[in-house]
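What follows is one structure encoded as structure tokens, with my remarks underneath.
Values in this text are rule-based calculations from the coordinates and carry no lab data. In this text the structure is predicted, and so the values were computed from the model without any measurement. All Cβ positions, glycine included, derive from the backbone under ideal geometry; neighbour counts span all protein chains shown.
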Amino acid sequence: MKKEFIPMSRPFLGTEETEAVAAVMKSGWITTGAKCAEFEDRFAELTGAKHALALSSGTAGMHLMLRALGIKKGDEVITPSMTFASTVNQIVLAGGKPVFADIDYDTMLIKPAEIKNLITDKTKAVIPVHFAGAPADMDAIETATGNIPIIEDAAHAIGTRYREKHAGYKNPAIFSFHPIKNITTGEGGMITGNDGQLMQQLKLMRFHGIERDAWKRYGKGSDPGYDISEPGFKYNMTDIHAAIGLTQMKRLNTITRRRNEIASQYIQSLSGIDGLDLPGVPVFNHDHSWHLFVVKVKSISRKDFMTGLAEENLGYGLHFPACHTMTYIKNLFGVSRLPVTESLAGKIISLPIYPGMDDMQVQRVIDVVRNLVKR
Ligand SMILES: Cc1ncc(COP(=O)(O)O)c(C=O)c1O
């Protein structure tokens, strides 16, 4: 009999989320309102940033940030190629040029020295990615960038700490609550930041440019009017999603602990095997949130490795197909050469890691991986 399927990822949800959603549904107010405001407060507390703004996705957050920074035609934005395409798409859609920095082979994090080499007088922003739940080396990145604005892509970094500070505590940062992420709202995102004026501007852009919160405009006896100084988008998060997020936040410590346990079991049991390189962890002080567990398969082809996992009913992921190899990027900007990213591109594969995985399931993955790479 075939063993049960173990997916690469699975959201960690319980009856509390269902009840929280039901309570919002019964409340009479289901779009952006008090739950959203509470979720923002809790998230700001988690990160240590002064402000947090809940959105319909992380991608929406990146769109708003790039617009607030005024990224336009001819501007360059430095970011890794080994990331999800959404950030790079947003740079290009704003009219900018993504300039790709190479990464470290072991940690797959952006190299600060690479950033320094790529800065020109056209560089208008730098977007490091806290890859797989490991923080990028922010002190070194800040030294390399000088006064150029930094936006942290913290989509993988809920629960990630750099030198004891949560990702996004200092620079504007974008988080994602897509179902694969460490906490989810179904779909959703959050921007954190400390610049009150910038965050107010983003808040206006989040909802049509309208100056007042809709949920306050509809209250008893309140003024339903509004003014628009600049047109905005429709990127607000609903209270239904925020209610899930608030419940998920209560689970965050459990989620991060279990992800760390699974990563430790993988590292303990799979290290020292020829033909397989494990994710390296940064040398600086940090707390990893183990959003992904990305291994590099060397002894067999990735295709054979994936076939082997599938035959054993195990899921896998690919994080990520390198952005600089996308057809539209090559057509628009020509070919860039990123030796480390390219050396990784054909070898990386993400193993199952999610809080609901039990020790037996982790062991099943370990046994299959060992057998496959030893073939
Ligand atoms: C590194 C990275 N950045 C940005 C995003 C975009 O987030 P969202 O899917 O919430 O738009 C994702 C994931 O989806 C991601 O993995």
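Laid out as a table, the results:
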| read-out | value |
| --- | --- |
| Separation of the I300 and E230 label points, Cα + 7 Å toward Cβ, nm | 5.4 nm |
| Net lengthening on full extension, T120/S27 (0.36 nm per residue, minus Cα-Cα) | 28.2 nm |
| Gain in span if fully extended, N194 to S222, counting 0.36 nm per residue against the direct Cα distance | 7.1 nm |
| Footprinting exposure proxy for D239, D75 (fewest neighbouring C-beta atoms within 10 Å first) | D75, D239 |
| FRET efficiency, 1/(1 + (r/R0)^6) with R0 30 Å, evaluated for T143 and F333 via beta carbons | 0.65 |
| For the range 18-41 and the range 266-300, distance of Cα centres in Å | 39 Å |
| Estimated FRET transfer efficiency (E164, S343; beta-carbon r; R0 30 Å; 0.05) | 0.35 |
| In the range 252-374, lysine pairs with alpha-carbon atoms under 21 angstrom apart (chain gap of 8 or more, or interchain) | 7 |
| In order through the range 255-270: 3J(HN,Hα) via Karplus (6.51 cos²θ - 1.76 cosθ + 1.60), integer Hz, x for Gly, Pro | 4, 5, 4, 5, 4, 5, 4, 5, 4, 4, 5, 4, 5, 4, 8, 10 |
| Spatially proximal aspartates and glutamates relative to K35 (Cα-Cα < 20 Å; intrachain offsets below 8 disregarded) | E16, E17, E19, E45, E187, E211, D213, D239 |
| Per principal axis, descending, Cα span of the range 252-374 in whole Å | 47, 35, 24 |
| Projected label distance in nm at T15 and D359, using a 7 Å step from Cα toward the beta-carbon | 2.7 nm |
| Cross-link pairs beyond the 28 Å C-alpha cut-off, checked among K50/K73; K165/K234; K111/K170; K111/K234 | K50/K73; K165/K234; K111/K234 |
| Efficiency of FRET between K2 and N285 - r from beta-carbon atoms, R0 45 angstrom, step 0.05 | 0.55 |
| At 1.567 mPa s and 4 °C, Stokes diffusion of the range 1-126 via Kirkwood alpha-carbon radius, µm² per second | 71 µm²/s |
| Straight-distance crosslink candidates among aspartates and glutamates, where the alpha carbon sits under 12 Å from K116 and sequence neighbours closer than 8 are dropped | D102, E142 |
| Sequence of K50, K73, K124 once ranked by neighbouring C-beta atoms within 10 Å, starting from the fewest | K73, K50, K124 |
